[in-house]
Amino acid sequence: MATGYQAYQTNAIQTAPPEQLVVMLYDGCLRFLRRAESAAKTGTRPQVTEAVARATAIIMELNATLDMERGGEIASNLRSLYFFLHRHLLEASREGSPEQIRQAIGLIGDLRDAFAEAAKKVA
């Protein structure tokens, strides 16, 4: 069963347009941040650390995909926001703070919604 699901996921990723891939990355980031928040609430620090590490890896991937030449001010602002989120989440992980993780969920959720809306317009 897992193999079929993995094949489906792989196919979905390989055939998705670039704007949809960004939305999928945000979705994955949000999934890991919700896990981190839940773990922080129960005090299971190793799970907080792991989930935050996965979320920050996605954030750094989003950062790496920015086209700074063509993206202009928007790309620059996103880069600043991604670096802020990275630092914020590292601190949240260190402190085991569900509140700080919740703040990041709000920011990432807003970005995800904006990109999803833009992806609809492109399609």
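Every listed requirement among (1) basic (Lys, Arg); (2) under 14 Å from the mean Cα position of the chain (by Cα); (3) closer than 25 Å to residue 98 by Cβ is met by residue 79 save one, (3). When the stretch 24-73 is limited to residues that are part of a helix (DSSP H, G or I) and of a type in the set (S, T, N, Q), the one that is farthest from the chain's Cα centre (by Cα) turns out to be 42. Would you check if residue 118 is touching a residue at least 40 places away in the same chain (Cβ under 8 Å), part of a helix (DSSP H, G or I) and surrounded by fewer than 15 Cβ atoms within 10 Å (Cβ to Cβ)? Yes.
Kindly evaluate residue 65 against the criterion of being of a type in the set (Ser, Thr, Tyr), in contact (Cβ under 8 Å) with a residue 24 or more places away in the chain, surrounded by fewer than 16 Cβ atoms within 10 Å (Cβ to Cβ) and out of contact with any helix residue (DSSP H, G or I) (no Cβ under 6 Å at 6 or more places or on another chain). Yes: the conditions hold for residue 65. Looking at the structure I just gave you, is residue 78 part of a loop (DSSP other than H, G, I, E, B) and either surrounded by 13 or more Cβ atoms within 10 Å (Cβ to Cβ) or among the hydroxyl-bearing types (Ser, Thr, Tyr) (or both)? Considered against the rule, which asks whether it is part of a loop (DSSP other than H, G, I, E, B) and either surrounded by 13 or more Cβ atoms within 10 Å (Cβ to Cβ) or among the hydroxyl-bearing types (Ser, Thr, Tyr) (or both), residue 78 comes out as no. If you go through the stretch 41-70 and pick out every residue that is small (Gly, Ala, Ser) and either within 19 Å of residue 113 (Cα to Cα) or in contact with a Lys or Arg (Cβ under 9 Å, 6 or more places away or on another chain) (or both), you end up with 2. Apart from one condition, residue 119 fits all of (1) within 12 Å of the chain's Cα centre (by Cα); (2) modelled with pLDDT under 95; (3) aliphatic (A, V, I, L, M); the exception is (1).
The values are calculated or read from the model by the stated rules, or taken from the named source; none is laboratory data. Every value quoted in this text rests on a predicted model; they were computed, and no experiment measured them. No Cβ is skipped: glycine too gets one built from the backbone with ideal geometry, and neighbour counts run over all protein chains shown.
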